[in-house]
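The values are calculated or read from the model by the stated rules, or taken from the named source; none is laboratory data. Since this is a predicted model, take the numbers as computed values, not measurements. Here the Cβ is made from the backbone with ideal geometry for all residues, glycine too, and neighbour counts use every protein chain on show.
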Amino acid sequence: MIRIFIFMLLVALTAISCKHGEKLTKAEQSQQATIVELSQLQGQWLLKTIDDEPIQMPEQKEAFLEFHSTESRFSGYAGCNRFGGQVEMTNSELSVGMIMATKMYCPGIDLESRLMAMLQKSSWKVNLLNDVLVLKNEQHSIELQRK
């Protein structure tokens, strides 16, 4: 009886020690928190999806956000007007303040008003993997690709 107990104990300890030495899967790695700094976002990012819907732009135009980390601000374009504002980054959470924009009239540019309404006075969890930037909050998600 004692031999069986010792054998079972050894099997359990071996299984635990093997599991401890395993590498994390890609899914487990992506779930682990990585702190993203504003300086890592420096530059222009092309808008790919909003709420998992692909972005459709007229030919020769690209919707983008551009981060200017040394000045703690961003700018962007989504089809008609240029816009921008102040940003702060704390613990991989991006906070966007008031947005200012030019006021040109462009019919049929729903993407721009939708994006600006989403960004105005909002906070986003930031996930950066290679050249893909994902901003998420309780209501929305935005995926961008480094240009």
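Among GLU71, GLU66, GLU62, which is the only one that is surrounded by 12 or more Cβ atoms within 10 Å (Cβ to Cβ) and either of a type in the set (A, V, I, L, M) or modelled with pLDDT of 95 or more (or both)? Outline the logic, then answer.
Values: GLU71 fails: surrounded by 12 or more Cβ atoms within 10 Å (Cβ to Cβ); GLU62 fails: either of a type in the set (A, V, I, L, M) or modelled with pLDDT of 95 or more (or both).
Answer to the selection: GLU66.
Residue-by-condition table, conditions (1) assigned to a strand (DSSP E or B); (2) without any contact (Cβ under 8 Å) to a residue 40 or more places away in the chain; (3) in the same structural domain as ILE50 (by TED's automatic domain parsing); (4) surrounded by fewer than 16 Cβ atoms within 10 Å (Cβ to Cβ):
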| residue | (1), (2), (3), (4) |
| --- | --- |
| MET89 | yes, no, yes, no |
| LEU115 | no, no, yes, no |
| MET118 | no, no, yes, no |
| LYS125 | yes, yes, yes, no |
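Show the residue pairs meeting these rules: Cβ distance below 6 Å; 6+ apart or different chains; first residue within region 46-64 and touching a residue at least 40 places away in the same chain (Cβ under 8 Å) and more than 15 Å from GLY76 (Cβ to Cβ); second residue of a type outside the set (S, T, N, Q) and surrounded by 10 or more Cβ atoms within 10 Å (Cβ to Cβ).
Partner pairs satisfying both residue conditions: THR49/GLU143; ASP51/HIS140.
All but one of (1) surrounded by 14 or more Cβ atoms within 10 Å (Cβ to Cβ); (2) of a type in the set (Val, Ile, Thr); (3) touching a helix residue (DSSP H, G or I) at 6+ places or on another chain (Cβ under 9 Å) hold for THR49, so report the exception by its number.
So THR49 meets the others, but not (3).
Does TYR77 count as out of contact with any strand residue (DSSP E or B) (no Cβ under 8 Å at 6 or more places or on another chain) and aromatic (Phe, Trp, Tyr)?
Details: out of contact with any strand residue (DSSP E or B) (no Cβ under 8 Å at 6 or more places or on another chain): no; aromatic (Phe, Trp, Tyr): yes.
No: the conditions fail for TYR77.
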